1. Considering only residues that are of a type in the set (A, V, I, L, M, F, W, C) and either within 20 Å of Gln40 (Cα to Cα) or in contact with a Phe, Trp or Tyr (Cβ under 8 Å, 6 or more places away or on another chain) (or both), look in region 52-63 and name the one that is surrounded by the most Cβ atoms within 10 Å (Cβ to Cβ).
2. Cβ-Cβ under 6 Å, sequence separation 6+ or interchain: first residue in region 38-55 and within 14 Å of Ala77 (Cα to Cα), partner aliphatic (A, V, I, L, M) and outside any loop (DSSP other than H, G, I, E, B). Which pairs?
3. What are the residue pairs meeting all of these: first residue in region 64-84, first residue at positive phi and surrounded by 12 or more Cβ atoms within 10 Å (Cβ to Cβ), second residue of a type outside the set (Phe, Trp, Tyr) and not in a loop (DSSP other than H, G, I, E, B), Cβ atoms under 8 Å, and 6 or more apart or on different chains?
4. Please work out which residue is modelled with the lowest pLDDT, limiting yourself to region 13-44 and to residues that are more than 13 Å from Ala91 (Cα to Cα), hydrophobic (A, V, I, L, M, F, W, C) and in a helix (DSSP H, G or I).
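The values are calculated or read from the model by the stated rules, or taken from the named source; none is laboratory data. Values in this document were obtained by computation on a predicted structure and should not be read as measured data. Quick reminder, even Gly has a Cβ in these numbers, built from the backbone with ideal geometry, and neighbours come from all protein chains shown.
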Amino acid sequence: MIKMIDVLDHNLVQNFIHSLSAQNEHFDELIDGILNAPDQDFDHAMQHFFSNNNPLDLAQALDINQDRLNAIRSGLAMQKENLADTAKIVALCLTLETGSLDQIEISDCLEDYLV
């Protein structure tokens with residue numbers, strides 16, 4: 001089982017956790033980390049996440065178009081038009097894997113998804 005925290009650079013994960021507590025977004029850094037992650041490991045981590053979460057609920061909770069979610073699931077996560085949505089999924093992965101949910105304000109629709 002490959003987790004997202006195993007795939008992305010250690011500094012990126014640490015900065016992500018820090019950005020949650022500092023209420024400071026590091027979206028560009030997250031995109032760079034995704035683009036620099038080993039392709040095969042990243043794909044495995046994404047597939048693992050999708051296999052453990054309902055894609056329809058995920059799309060609704062993260063406000064991701066179903067077509068783009070399907071494209072990401074089919075291996076097109078790195079395409080320019082999918083990167084922003086891929087980053088949303090990676091951020092959720094990191095939040096869940098690092099146990100950082102208590103450090104962020106969660107919208108009502110995500111609270112229903114994560115409970």
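1. Top of the filtered list is Ala61.
2. Asp41/Val7; Phe42/Val7; Ala45/Met4; Ala45/Val7
3. Gly75/Asp43
4. Taking the candidates together, the pick is Ala22.
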